[in-house]
Structure formats: structure tokens, C-alpha cells
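Trainee: For reference, the structure I am asking about is given below.
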Amino acid sequence: MSKQKVDQGRRFFIKSSLLAGGGMMLAFPWLESCNFSPEQVKAMPKEWFEINGYLKIGENGLITIMSPNPEIGQNVKTSMPMLIAEELNCDWSDVIVEQAPLNSNKFFHQMAGGSTSISAAWTPLRKAGATACQMLITAAAAALEVPAEELNAELGFVHHQASGRKLGFGEVASAAALLEVPEEVTLKPINEFKIIGTSRKNVDSKKIVTGASLFGIDYKEEGMLYAGVIHPPAFGLKIKSFDASRALALPGIEAVFQFENYREGQAKGAFDISAHQTQIAVVGRSTWEVFQAKKLVEVTYEEAEEVINKMSFFGGRTLETRWPAGLENTADHKKAMNQAEAKAKVVRQDGNPDAQFNAADQVLERTYYAPYLAHNTLEPLNFFAEVTDESARFVGPIQLPEILEPALADRFGLPLDKVEIMMTRIGGGFGRKLYGHFMLEAGVISKTVGKPVKLVYTREDDMTAGAYRPSYQVTYRAAIKSNKATAIHVIAGGIPESPLAADRFPAGAFDHYKAESWTIDSNITTGAFRAPRSNFMASAEQSFLDELAEQIGKDPIAYRLELLERAASSPVGARNDYDAERYAGVLKLVKEKSGWDTPKPGVHRGVAAYFCHRSYVANVVDVVMENGRPVVDKVYAAIDCGVVINPDAAANLAEGGSVDGIGHALYSQLTFSQGKPDQDNFDAYRLIRHNEAPRDVEVHFVPSDIDPTGMGEPPFPPVMGALANALYKAEGRRLYKQPFTGPQV
Amino acid sequence: MAQYTLHINGATRTVDVDPATPMLWVLRDHLNLVGTKFGCGIAQCGACTIHINGVAVRSCQLPISAVGSSKVLTIEGLSEHGDHPVQLAWIKQDVPQCGYCQSGQIMTATAFLQQNPNPTDQEIESAMAGNICRCGTYLRIKKAVKDAAENL
Ligand code: FES
Ligand code: FES
């Protein structure tokens with residue numbers, strides 16, 4: 001058993017000072033927020049005792065666990081409380097989960113980004129459960145007048161084996177709440193887990209399937225007004241003037257005004273950056289009236305000048321970005337990308353790749369491209385705000401509340417403790433709701449009209465003012481000598497960021513390797529999109545390796561394993577960021593589970609594997625031809641993400657990641673003409689639909705006792721490569737440009 | 001503005017709104033029935049699906065003036081305790097990821113199963129093709145529809 005000091009976790013367990021005078025009744029806001037079934041109402045306790053910031057226990061043994069992080073569909077609202085419940089030794093069916101508000105004194109790492117929630121919470125949340133359990137045992141020991149060592153906790157009871165007596169958690173909760181938080185706790189070894197590693201249903205299922213108010217867009221308050229924003233239709237344009245008279249003549253419209261996202265001289269944060277900094281607000285009594293009025297505001301635009309943004313990032317890093325003036329076009333972007341490759345800078349070099357290329361019998365060179373993508377969370381951007389001179393209150397869907405809180409305080413000139421943020425369930429994040437400019441906007445509008453306001457974007461607003469997945473291009477080159485690849489050269493770039501991860505596979509597997517990077521400035525705003533950069537590089541790299549394997553006459557899995565074997569046994573370079581054995585592990589697992597060595601007649605198969613967000617995923621995609629058209633019949637996914645907390649929910653994420661990857665690779669793109677997105681809703685922007693989804697996805701996890709790593713993002717990137725490789729087998733045509741259903745030249 | 005009396009989820013509700021107001025916004029803003037979701041506003045995503053006299057309809061495209069005395073059913077009225085076979089199948093298959101599309105998916109599936117109680121996989125796929133799930137839960141939706149078909 002591993003003894004764990006409650007050191008860095010200590011501050012998270014400070015109990016509410018209100019508890020000093022004894023167990024107290026706490027408010028239960030969730031009682032209003034959902035419709036309980038009759039059995040549950042009967043079971044409501046009369047009193048709650050807060051054991052620590054994460055949990056409170058009722059006198060009847062019911063337990064409320066606070067889920068600290070934003071839920072965007074990655075299952076943290078279920079799986080994070082499971083970590084606490086495991087060490088608490090409670091009965092999961094006694095648990096009610098409540099979404100915690102942003103509270104950096106009580107909780108930490110309250111964000112949904114980088115697939116970090118579970119890995120960051122792994123130890124602290126188990127400690128929260130374990131310390132609470134120990135306090136319950138200590139209280140029970142006093143009540144039973146036996147030494148604590150003779151007691152053990154199981155399924156919500158503290159048992160005294162020797163005398164056969166037991167006490168429910170509810171019976172000792174009031175006494176436990178008064179105890180000091182223990183200095184040291186013992187965490188269970190993995191083989192004693194009873195909740196972690198078992199599938200538990202989504203705690204919000206019932207509310208979701210009954211249409212209960214749950215999402216930000218559902219949130220309402222008495223006296224609230226509705227708001228919409230008008231932003232310029234194109235990147236590179238700004239508002240010159242507007243005439244709101246027709247809009248204001250509509251009965252439900254209260255105000256139309258121009259506003260600035262930032263106050264004069266305010267430092268911008270990378271996560272509140274917005275495409276357009278000056279916008280027009282339309283405020284009214286219902287969403288529909290606001291949407292109608294927006295169409296009646298007559299706005300004239302003019303070209304914007306160049307903008308230099310100095311943005312602060314995590315950890316106090318600042319980054320300067322240039323948004324050049326001008327109206328950009330996709331066709332020009334493609335030309336600029338081809339030219340930019342010549343100006344790429346070397347990021348990593350091993351051995352002497354140039355000499356190998358000079359000496360090669362043959363050079364395989366392929367260029368891969370991917371367009372901009374819009375996140376298109378199905379819940380459009382929205383936020384509730386009530387901002388006055390004294391305080392600011394926000395309710396809605398935000399992935400990075402911790403980072404937005406200081407930005408909001410700064411915007412409204414308020415101390416941090418006067419800014420309150422409540423997170424709702426989020427109707428899709430994928431990175432888009434990291435960028436909380438819409439909170440600033442809602443706040444500015446509320447303060448201007450002096451009322452609480454709910455801002456709602458239309459789909460068109462949402463899609464045309466994005467924090468898009470950047471457009472990328474990469475060229476891979478391989479030197480081939482005597483039917484062996486002797487050097488790899490990768491030149492990767494994008495608008496405005498490069499997708500290159502220079503220390504990632506196949507770096508480490510070749511004696512001679514060169515990685516180069518380039519970027520192009522643009523005024524089109526971009527941001528993190530599920531598995532940033534990897535969501536392109538996996539597909540390109542894995543398509544290239546497939547073609548290379550074919551060129552030198554090797555089986556694609558065998559060739560990858562051979563390279564990984566080299567990277568494991570005698571890696572080239574000291575900075576490789578992956579574990580070659582775990583990488584090979586998922587390939588071996590997918591090989592076995594898909595029956596790779598036994599070809600199936602009529603089934604065309606492609607393979608890919610990738611490492612990102614600290615996890616490893618390999619896919620085999622099976623394509624069959626039906627009526628002359630390729631159909632994805634099955635996807636196999638083999639995943640190594642360390643310990644799996646909630647296996648069926650993790651499988652759901654992997655299934656969704658496969659559908660998402662295949663959909664974006666085949667169909668989705670955002671293009672620009674004169675700075676204006678050519679697609680602004682789902683009629684023009686194609687998302688994968690039910691009848692286009694793979695018919696089956698089979699998910700396998702590598703059994704592991706390694707601390708959990710990322711799960712939200714890793715299943716997304718490699719499937720695109722496996723798809724390209726399977727489609728090649730089916731149709732005899734290599735695919736280099738996404739979307740694959742578009743032209744390849 | 002005009003007054004309308006609607007028959008929703010077995011009850012009668014009166015609202016005073018512009019005749020062009022889509023049912024989506026009547027439900028969400030005026031009647032506080034927020035289970036019906038806004039996704040696109042142009043009949044492309046299905047998040048706003050409700051039943052009009054048992055037929056699945058995109059409420060973002062249905063002005064209140066066209067509803068008349070039709071029976072309106074929303075996700076909130078599907079069952080009293082959230083135990084309609086389709087809802088139970090959704091919970092059993094643990095379908096939702098973010099969950100935002102799911103009330104629309106359930107309403108489409110329910111209307112479809114009333115017409116076709118024993119669908120094939122392909123029939124399910126095409127019947128559900130109008131409902132986008134951005135999280136990609138299509139496979140579980142298919143399983144849940146099949147599951148519900150057995151219990152209806
Ligand atoms: S909101 Fe009605 S179909 Fe999308
Ligand atoms: S579950 Fe997120 S859109 Fe369907």
C-alpha cells in the first residue's frame with residue numbers, strides 16, 4: 001500500500017469555517033434544479049454535514065459529491081466523483097453529484113482542456129475520499145469506544161468486525177465533520193478498487209433524457225433580458241457605422257448599441273481573445289425577437305488595420321501575434337503555404353539527413369493538407385451575466401473558468417472575489433468554449449443595460465466568428481536506399497501555427513532525421529480543437545508511413561513495430577516524447593483484436609497509431625465497397641490511457657472519437673472568400689450524420705496500472721490516418737488533402 | 001402580437017407572441033420548456049424536434065400560427081417519470097456524451113418507432129440521419145433504438 005502524505009492536497013481540504021460551531025445545514029441548490037423521482041425525494045436527508053470541500057453526508061447516509069470540473073461530454077461529472085467515492089468506500093447508489101462552482105480556494109484545476117481532468121485529479125480526489133473515510137472511521141471509533149484500527153469502512157458503513165457492530169456514514173457524519181483533517185492517508189492499491197474500473201452510468205442521464213434544464217442555454221432568471229451580437233461578416237473588416245432604427249421599432253427590442261470587448265488598454269488573455277473586438281449588441285425580451293431585430297440593423301463596414309495582440313497564456317507566458325490587414329482567401333492561403341515551406345526553420349536534426357537524401361536510390365515525398373475547421377458545438381455559444389458596479393455573476397458553458405475569472409475582473413474593474421462563475425453542463429466543447437470572449441460580451445451588455453442578460457449566438461454567429469482549427473500543411477520525405485528507409489525529413493506549418501511535434505515518433509526511430517517548421521500570419525482567429533495539431537499530424541504521418549511501408553514492401557503494422565522496436569532499444573536523440581513500448585503495445589493489441597493477419601474477403605483495411613495527450617491509440621479501419629462506394633464497416637480501437645476509470649464511458653468517448661475523426665476527415669471544411677467564411681450553417685458545412693457513421697466501433701483498453709492519462713482527445717486523431725489507408729486499399733488512390741471527399745489535386 | 005392557446009403535453013397553455021415566432025422559441029422562452037434545443041435554426045440538425053399529432057417536426061421551422069389545435073408533445077411530456085421505453089433504452093445504453101442533441105434524437109426515435117416498430121439497422125440509420133450528434137454517439141443511438149423497439 002502506498003502511504004500518501006496529504007501535502008499539496010492539504011489546502012483543498014480546509015473545511016468551511018461555518019462548521020466550527022457544529023454540523024450545519026447546507027443549502028442544496030440542486031433540489032430546485034432537477035426533478036427527483038419519488039423514491040429520491042423520500043431519501044432526502046434533513047441535514048447535511050460537510051466533511052470536506054468535495055463532499056457532504058446526510059444524516060440518513062446520502063452523500064453529495066461536488067464535481068469540480070466543467071462537463072463537456074468527457075464524462076468528468078461521473079468519473080471524477082468516482083475517484084472520491086472509491087476511497088470513501090461508499091455505496092455509489094447513495095451518491096448525488098452536484099456541479100461545483102468556480103472556487104479556487106476549495107478546488108483546483110477547474111478546467112476542461114488538454115485531456116487533463118482525470119490525470120490531474122487522480123491523487124487529490126482519491127485523497128479527498130480517503131481523508132473523509134478516515135474521519136468517519138475516527139468518529140465511529142469514538143462512538144463505539146474501540147480503537148480505529150479495529151474498524152473498516154465498506155459500502156457506506158463502518159464495521160467493527162470483532163463485535164459485529166456497524167454504524168452508517170450518516171450516523172457518524174455530524175461527529176466526523178468536526179474532526180481535524182488527517183495529516184496522512186493510505187490510498188488503496190489498484191487491485192482493491194471497487195468503483196474505479198467498473199462502468200457507471202452518466203449521472204446526468206435522467207435529466208438529459210427528460211429535457212431538464214441543464215445547459216447554459218437553458219439557464220434563466222427573473223427579469224433577465226436576451227441579447228445577441230452582430231460582428232463583421234468577414235475577418236479583416238470592422239464596423240464603420242450602423243442604423244438601428246428599424247430594429248428598435250420592433251416591439252420586443254430594448255436596446256441596440258456598439259461596444260468593445262476590452263476596456264481601453266486592457267491586457268488581453270489568450271483565452272478571451274475574440275475575432276472582432278468591436279461589435280453591436282441587440283437586447284430584447286426574447287431570443288427570437290432579438291434574432292429578428294439583428295437582421296434589421298443596417299451596418300456598414302470598412303477594412304480593419306493591422307492588429308498586434310500581446311496575449312497572456314498559462315503560467316504568465318506572453319505571446320505576440322500579428323493580425324495583418326486584408327481580406328483573405330483560401331486559394332491564396334494554399335499558394336502561400338507552398339511558398340512558406342522554403343522558409344521553414346530547422347527545429348530538430350539527428351545524424352546527417354542531407355547526406356542520406358543525396359545518396360538515396362529514391363526519395364518518397366508527399367504533401368498533406370487540411371482546411372480550417374469550425375468547432376460547431378451543438379450548443380451555440382451563450383452565457384448569462386449580471387454585472388453591476390459592485391459585482392459580476394456569470395452562469396454558463398465555459399471550459400476554462402479559472403482563466404476567465406481574472407480577465408472578467410480586469411474588464412469590469414472588480415476585485416477577483418466579486419466575480420462569481422457557475423458552470424453548467426456544456427453542450428459540446430472540443431476547445432471552442434475555452435475561449436470565453438462571449439462571457440465578456442454578456443457582461444458588457446448586462447452592465448450597459450443594467451439588467452441580467454443572457455447572450456445567445458445564432459449558429460451563423462458561432463460558425464463565422466470562430467476560434468477555428470488552423471489550416472495546416474506538411475511535407476514528408478523519406479530517403480530510400482537498398483529498399484530501406486534511411487532518413488526522414490518533415491516540413492510542417494500552418495496558418496497561423498505549426499502543427500509540428502518534432503520530438504514525436506518517428507523521431508527516435510531513424511538515425512537521420514530533420515524536422516522543420518513554418519508559420520503564416522493571418523487575421524482569421526484560431527484556437528485549440530480536439531487534440532490540437534495532432535488532429536492533423538496523425539493522419540498525415542500515418543498515411544506517409546503506410547505509403548513508405550508499401551514502397552519498401554513491408555506490412556504496415558510490421559513496419560511500424562520494427563521502427564518502434566528501434567526507438568525502444570536504442571532511441572536516437574534524448575528528447576523523444578513518447579514511450580515506444582506503450583506505442584507498440586496498442587499496435588499489437590489492435591493487430592490481435594482485428595485479426596489483421598487473417599484477411600477478410602471484400603474488406604479493405606487500414607491501420608494507424610498515434611500518441612498524444614499522454615495516451616496511445618491504434619486503429620484498424622475496415623472499408624467495404626457497396627454499390628461502387630466505400631462504406632466504413634468497422635473501426636477497431638486499441639487504447640492505452642493508463643488506469644481506466646469508467647470503462648463504458650471511456651468506450652463511448654472512443655466510439656465518438658472515431659465517428660468524429662472519420663466525419664471531419666471525410667466531409668468538413670471551412671473556406672474563406674474575401675475574409676468571409678463560405679459556410680455558416682449545417683446546410684453548407686457538412687458534419688457526419690448517422691447514416692455515414694461507421695457501422696460498428698470495437699474498443700479495447702490495454703490493461704494497465706499506470707496512472708491515468710488523457711482520454712477525451714487521443715481517440716480522435718489516428719482514425720483519420722487509418723481511414724485514409726483503408727480507402728487507399730479500397731479505391732487504389734492515396735488521399736493527401738482533407739476533406740477526403742473533396743478534390744485531391 | 002396575438003394570443004394562442006396550445007395543447008402541450010396534455011395541458012393547455014396560453015401565450016401572447018408574434019404569430020411568426022417558431023415553436024422552438026415559444027417553448028424555450030415563453031413556456032420554460034427548455035428540453036427542446038436550438039442547434040441551427042434552419043431544419044438541419046434536429047435538436048429542436050417535437051411531435052405534432054404524433055409526427056416528428058422541426059420546431060425551429062414551425063411558426064406558432066400554424067399549430068392551431070394540434071397536439072404538441074415535447075421531451076418533457078414523453079413520460080411522467082422519465083420512464084418511456086425510449087428514455088430507458090437511452091439510459092441503459094448510456095448514450096449521451098455532452099447530451100445536448102439527445103432530446104431531439106429521442107423525439108425523432110420515438111415518432112419513428114411508432115411508425116416502424118421493428119426497424120432494421122439501415123432503417124434506423126436513415127430515419128435518424130436528420131439529427132446531428134456532434135459528439136458522435138450514433139452507434140449507441142442505434143443500439144438504444146433497437147433496444148427500445150424490443151420493449152415498446
Ligand atoms: S434547430 Fe431546428 S433543426 Fe436545428
Ligand atoms: S451528445 Fe453531444 S451532440 Fe450528441
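Trainee: Take B:Thr14 and tell me if it is away from chain A (no Cβ under 13 Å) and either surrounded by fewer than 22 Cβ atoms within 10 Å (Cβ to Cβ) or within 16 Å of ligand 1 (Cβ to nearest atom) (or both).
Mentor: yes
Trainee: Something else: Filtering the stretch A:385-416 down to residues that are of a type in the set (Asp, Glu) and within 11 Å of A:Leu102 (Cα to Cα), which residue is most open to solvent (accessible area, probe 1.4 Å)? If you could, list the steps in order and put the result at the bottom.
Mentor: To start, the set of residues in the stretch A:385-416 that are of a type in the set (Asp, Glu) comprises A:386, A:389-390, A:402, A:405, A:410.
This time we only want the ones that are within 11 Å of A:Leu102 (Cα to Cα), so: A:402, A:405.
Working: A:Glu402: 56, A:Glu405: 25 Å².
Step by step, filter the stretch A:385-416, then rank; the result is A:Glu402.
Trainee: Next up: I'm checking my understanding of the structure. Among residues of the stretch B:107-150 that are aliphatic (A, V, I, L, M) and within 16 Å of ligand 1 (Cβ to nearest atom), which one is most open to solvent (accessible area, probe 1.4 Å)?
Mentor: Per the criteria, the residue is B:Ala127.
Trainee: Looking only at the stretch B:109-143, which residues are more than 9 Å from chain A (Cβ to nearest Cβ) and either without any contact (Cβ under 8 Å) to a residue 12 or more places away in the chain or within 17 Å of the chain's Cα centre (by Cα) (or both)? Full working, then the answer.
Mentor: At the first step, the residues of the stretch B:109-143 found to be more than 9 Å from chain A (Cβ to nearest Cβ) are B:109-120, B:123, B:143.
Once the filter is applied, which keeps residues that are more than 9 Å from chain A (Cβ to nearest Cβ) and either without any contact (Cβ under 8 Å) to a residue 12 or more places away in the chain or within 17 Å of the chain's Cα centre (by Cα) (or both), the stretch B:109-143 yields B:Ala109, B:Thr110, B:Ala111, B:Phe112, B:Leu113, B:Gln114, B:Gln115, B:Asn116, B:Thr120, B:Glu123.
Trainee: Evaluate the following for B:Ala89: is it outside the structural domain of B:Ile42 (by TED's automatic domain parsing) and on the phi < 0 side of the Ramachandran plot?
Mentor: Yes; evaluated as a whole, the condition is true for this residue.
Trainee: Considering only the stretch B:39-58, state which residues are on the phi < 0 side of the Ramachandran plot, of a type in the set (A, V, I, L, M, F, W, C), within 10 Å of ligand 1 (Cβ to nearest atom) and open to solvent by 10 Å² or more (accessible area, probe 1.4 Å).
Mentor: B:Ile42, B:Val57
Trainee: Same structure again: If B:Pro22 satisfies every condition in (1) more than 27 Å from B:Ile141 (Cβ to Cβ); (2) within 11 Å of ligand 1 (Cβ to nearest atom) but one, which is the exception?
Mentor: Looking at each condition in turn, B:Pro22 falls short on (1).
Trainee: Can we say A:Asp354 is in the same structural domain as A:Val490 (by TED's automatic domain parsing), open to solvent by 50 Å² or more (accessible area, probe 1.4 Å) and out of contact with any Asp or Glu (no Cβ under 7 Å at 6 or more places or on another chain)?
Mentor: Here the answer is yes, as A:Asp354 does meet what is asked.
Trainee: Kindly evaluate A:Ile239 against the criterion of being part of a strand (DSSP E or B), modelled with pLDDT of 95 or more and either within 13 Å of chain B (Cβ to nearest Cβ) or open to solvent by less than 20 Å² (accessible area, probe 1.4 Å) (or both).
Mentor: It is true that A:Ile239 is part of a strand (DSSP E or B), modelled with pLDDT of 95 or more and either within 13 Å of chain B (Cβ to nearest Cβ) or open to solvent by less than 20 Å² (accessible area, probe 1.4 Å) (or both).
Trainee: Separate question: Restricting the stretch B:96-106 to residues that are touching a residue at least 60 places away in the same chain (Cβ under 8 Å) and out of contact with any Phe, Trp or Tyr (no Cβ under 9 Å at 6 or more places or on another chain), which is nearest to ligand 1 (Cβ to nearest atom)?
Mentor: Filtering first and then ranking leaves B:Gly104.
Trainee: While we're here: Is it true that A:Ala247 is open to solvent by less than 20 Å² (accessible area, probe 1.4 Å), in a helix (DSSP H, G or I) and touching a Leu at 6+ places or on another chain (Cβ under 8 Å)?
Mentor: So A:Ala247 passes the test.
Trainee: Yes or no: B:Ile75 open to solvent by 30 Å² or more (accessible area, probe 1.4 Å) and within 16 Å of ligand 2 (Cβ to nearest atom)?
Mentor: Answer is no for this residue.
Trainee: Taking the residues in the stretch B:21-39 that are touching a residue at least 60 places away in the same chain (Cβ under 8 Å) and not β-branched (Val, Ile, Thr) as candidates, determine which candidate is farthest from the other protein chains (Cβ to nearest Cβ).
Mentor: Taking the candidates together, the pick is B:Lys37.
Trainee: Turning to a different aspect of this structure: Please find, within the stretch B:59-69, the residue that is nearest to ligand 2 (Cβ to nearest atom) out of those that are open to solvent by 10 Å² or more (accessible area, probe 1.4 Å) and within 12 Å of chain A (Cβ to nearest Cβ). Write out each step before concluding.
Mentor: Start the filter on the stretch B:59-69 by keeping residues that are open to solvent by 10 Å² or more (accessible area, probe 1.4 Å), which leaves B:60-63, B:65-66, B:68-69.
Of the ones still in play, those that are also within 12 Å of chain A (Cβ to nearest Cβ) are B:60, B:63.
Numbers: B:Cys60: 16, B:Pro63: 26 Å.
Looking at the filtered set, the residue picked out is B:Cys60.
Trainee: Could I ask something else about it? Anything in the stretch B:70-84 that is within 8 Å of chain A (Cβ to nearest Cβ), under 7 Å from B:Asn9 (Cβ atoms) and over 9 Å from the mean Cα position of the chain (by Cα)? List them, or say none.
Mentor: B:Glu76
Trainee: Name the single residue, out of those in the stretch A:357-383 being open to solvent by 60 Å² or more (accessible area, probe 1.4 Å) and more than 12 Å from A:Thr486 (Cα to Cα), that is nearest to ligand 2 (Cβ to nearest atom).
Mentor: Checked the stretch A:357-383; the qualifying residue nearest to ligand 2 (Cβ to nearest atom) is A:Arg366.
Trainee: Restricting the stretch B:93-106 to residues that are buried (at least 24 other Cβ atoms within 10 Å of the Cβ) and assigned to a loop (DSSP other than H, G, I, E, B), which is nearest to the chain's Cα centre (by Cα)?
Mentor: B:Cys101
Trainee: In addition: Kindly indicate whether any position in the stretch A:730-743 is more than 27 Å from A:Gly114 (Cα to Cα), at pLDDT below 95 and more than 14 Å from every other protein chain (Cβ to nearest Cβ).
Mentor: yes
Trainee: Filter the stretch B:89-108 down to residues that are more than 7 Å from every other protein chain (Cβ to nearest Cβ) and more than 10 Å from ligand 2 (Cβ to nearest atom), then give me how many there are.
Mentor: So the answer is 5.
Trainee: Can I ask one more? Is one or more of the residues making up the stretch A:271-278 assigned by TED's automatic domain parsing to the domain that holds A:Phe242, open to solvent by 10 Å² or more (accessible area, probe 1.4 Å) and touching a helix residue (DSSP H, G or I) at 6+ places or on another chain (Cβ under 7 Å)?
Mentor: yes
Trainee: Exactly one condition in (1) crowded, with 18+ Cβ neighbours inside 10 Å; (2) over 30 Å from A:Met66 (Cβ atoms) is false for A:Asp218; which is it?
Mentor: Just one mismatch for A:Asp218, condition (2).
Trainee: Right, here's the next one. Does B:Ala43 fit the bill of being in a loop (DSSP other than H, G, I, E, B) and either over 17 Å from the mean Cα position of the chain (by Cα) or more than 7 Å from every other protein chain (Cβ to nearest Cβ) (or both)?
Mentor: So B:Ala43 fits the description; yes.
The values are calculated or read from the model by the stated rules, or taken from the named source; none is laboratory data. It should be emphasised that the depicted structure is a prediction, and the values quoted were computed from it without experimental measurement. When we count neighbours, we look across all protein chains shown, and the Cβ atoms used for this are built from the backbone with ideal geometry, even at glycine. Quick note on the areas: whole protein, heavy atoms, side chains included, nothing else; ligands and nucleic acids left out. Shrake-Rupley method; radii C 1.70, N 1.55, O 1.52, S 1.80 Å.
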